[in-house]
Amino acid sequence: MAKRIVRISKGRFSPEKYGPVKALIEQSAGPLVPAIRGLRGLLYYHAAVDRESNTVVNVSIWEDLEAAKQMDSLQAMLAQRPILEGAGVTFDAIANYEPLWKIESTWCGCLGRGQ
């Protein structure tokens, strides 16, 4: 069995951009949720924004590295990057991590806005 992958995409923005960036992340669920749901090997996906650190993050768990790398060419995701960059978000390099240990709990694993 292939090893799971934790994929992290992180961006930074100036404090005054919090409201517009949060709104764009919320709006991105429209095109992204159906596109991401259609990918092979997705186990978990979460998009989040933090007012304190002025960062946005996408965290996903995949069955294997090949599945995670589908995000590199997902057209719906590629279309969001220039929108967020236009709003002042600067992205770090995306990383695909090999998980070493985990803690799991009961939590809604729903893929959708506000879940």
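With respect to ALA68, determine if the residue is touching a strand residue (DSSP E or B) at 6+ places or on another chain (Cβ under 8 Å), touching a residue at least 40 places away in the same chain (Cβ under 8 Å), farther than 17 Å from ILE8 by Cβ and among the small types (Gly, Ala, Ser). Against the criterion (touching a strand residue (DSSP E or B) at 6+ places or on another chain (Cβ under 8 Å), touching a residue at least 40 places away in the same chain (Cβ under 8 Å), farther than 17 Å from ILE8 by Cβ and among the small types (Gly, Ala, Ser)), ALA68 does not qualify. Here GLY30 meets each of (1) out of contact with any helix residue (DSSP H, G or I) (no Cβ under 9 Å at 6 or more places or on another chain); (2) in contact (Cβ under 8 Å) with a residue 40 or more places away in the chain; (3) not polar (S, T, N, Q) with one exception, condition (2).
Once region 54-79 is narrowed to residues that are surrounded by 18 or more Cβ atoms within 10 Å (Cβ to Cβ) and within 26 Å of PRO20 (Cβ to Cβ), the residue that is farthest from the chain's Cα centre (by Cα) is ASN54.
Contact annotation: residue pairs with Cβ atoms under 9 Å, 6 or more positions apart or on different chains, pairing a residue in region 86-101 that is loosely packed, with under 11 Cβ neighbours inside 10 Å with a partner that is assigned to a loop (DSSP other than H, G, I, E, B) and modelled with pLDDT under 95, are GLU98/LYS3; PRO99/LYS3. The number of residues in region 33-90 that are basic (Lys, Arg) and more than 17 Å from VAL6 (Cα to Cα) comes to 2.
The values are calculated or read from the model by the stated rules, or taken from the named source; none is laboratory data. This one's a predicted model, so the numbers in the text were calculated from it and none came from an experiment. Here Cβ is always computed from backbone atoms with ideal geometry, including for glycine, and neighbour counts include all displayed protein chains.
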